[in-house]
Amino acid sequence: MAEIGKGVTAGKLASNVQKRLTRAQEKVLQKLGKADETRDAAFEEMVANFNKQMTEGTKLQKDLKAYLTAVKTMHDASRRLQDCLAEMYEPDWFGKEEMDAMAEEMIEKEMDYNLEDTDTLWLDYHQNVTDKSLVTMDTYLAQLPDIKARIAKRDRKMVDFDSARHHFASLQKGKKKDEAKIAKPAALLEMAAPSWAQGLISAHQVAQTNLSYNQAEEELGRAQRIFEELNVELQDELPALWDRRVGVYVNTFQSLAGHQEKFHKEMSKLSQNLNDIMTKLEEQRQLKKTPTAAAKTGDGAKSEEANHSESASSAPKSAVTNGSDGELPPGFLYKVKAIHDYAATDGDELELKIGDMVLVVAFDNPDEQDDGWLMGVTESSWMQNKDISAKGVFPENFTQKV
């Protein structure tokens, strides 16, 4: 309860206490069925809609905050994972040759750019969802507590109106009874008073009755006016507020979906960039191995040439065993063996069965070669038809070099 002397006078305090007592008494009488209650079914439906609207909006706001917390958590986890990758990368993995060092430096810079872009993308996504979705919900919900307070005030004023109405009705009944009583001599009073004073007594009684009646009538008019003003305002605002919720939900989720789509699209590009970087690292590792493999291949070729010196001046008979250039397809590079079945999904692809030997040839246009794909023709097809048009592309990881 407010303290006297801090903006609340004793009279105001007493008035507030009296109002609360009167409202409590009126509600008790209404519950007991001894006093009728003003009811408005249409307004009660509006209030039910408002309460539902406030509950749903508060839940959506809470879930958006939880979503943003999860986004931040995912961002932190992604950053730690990317930092771990950056820390693990060592420039000396691929040797100290000048060309390798230059390539490693380029790859490292590209990876740093990728990590920075990923971090920026997470930050932008979190900020955009906050600004466009969460702030919209915060603004929308900020107006609801005031409406809720006015609904509560309207309910209190309705009780005041009912109480004033019942009080005025009871005075109307009492006035009729008093008038009937005043018409009859008040035995003891009139007998004791002289005849000239009896008229004054009757007039005083009538004046008191009229004063109470007039005061009650004024109080009823004032209570009715205050209640109706609040009631009309809310009847205009609540339906409009109920309709606006759809637009708020549409804007919130459209904005969220749009930022999600943009984020995942950009993140997909960065993920592909990271995958390409890892592919380049693997290629560098393979290049490191290539000189050793080439030396071993050269030694084997020299040994085979010594064993077959008799036929050095003539072409070998088979394309499979180091045949002459005339029996190898144009642009022949090396031979591989299929270790998995591969079903062609396009007209320019090569069908593979486990065990198939494939003669790998160079692409007519090197720019058309995709990472991880080779061009070739099956050995059996080439031996039978000598038709290079039978060549096709196939995945390198489905084969093994022989």
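The values are calculated or read from the model by the stated rules, or taken from the named source; none is laboratory data. Treat the numbers as computed from the prediction; the structure is a model and nothing was measured. Cβ placement follows ideal geometry from the backbone for every residue including glycine, while neighbour counts extend to all protein chains displayed. Remember, those area values only see protein heavy atoms, side chains included, never the ligands or the DNA or RNA. Shrake-Rupley method; radii C 1.70, N 1.55, O 1.52, S 1.80 Å.
Against the conditions (1) of a type in the set (Asp, Glu); (2) modelled with pLDDT under 70; (3) in contact with a Leu (Cβ under 9 Å, 6 or more places away or on another chain), Asp117 satisfies every one except (2).
Within segment 38-72, the set of residues being small (Gly, Ala, Ser) and in contact with a helix residue (DSSP H, G or I) (Cβ under 7 Å, 6 or more places away or on another chain) comprises Gly57 only.
A residue that is at pLDDT 55 or above, in a helix (DSSP H, G or I) and surrounded by 13 or more Cβ atoms within 10 Å (Cβ to Cβ) occurs nowhere in segment 290-304.
Table: residues versus (1) open to solvent by less than 50 Å² (accessible area, probe 1.4 Å); (2) under 30 Å from Glu45 (Cβ atoms); (3) over 16 Å from the mean Cα position of the chain (by Cα); (4) hydroxyl-bearing (Ser, Thr, Tyr).
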site: Asn251; (1), (2), (3), (4): no, yes, no, no
site: Gln254; (1), (2), (3), (4): no, yes, no, no
site: Glu266; (1), (2), (3), (4): no, no, yes, no
site: Ser271; (1), (2), (3), (4): no, no, yes, yes
site: Gln284; (1), (2), (3), (4): yes, no, yes, no
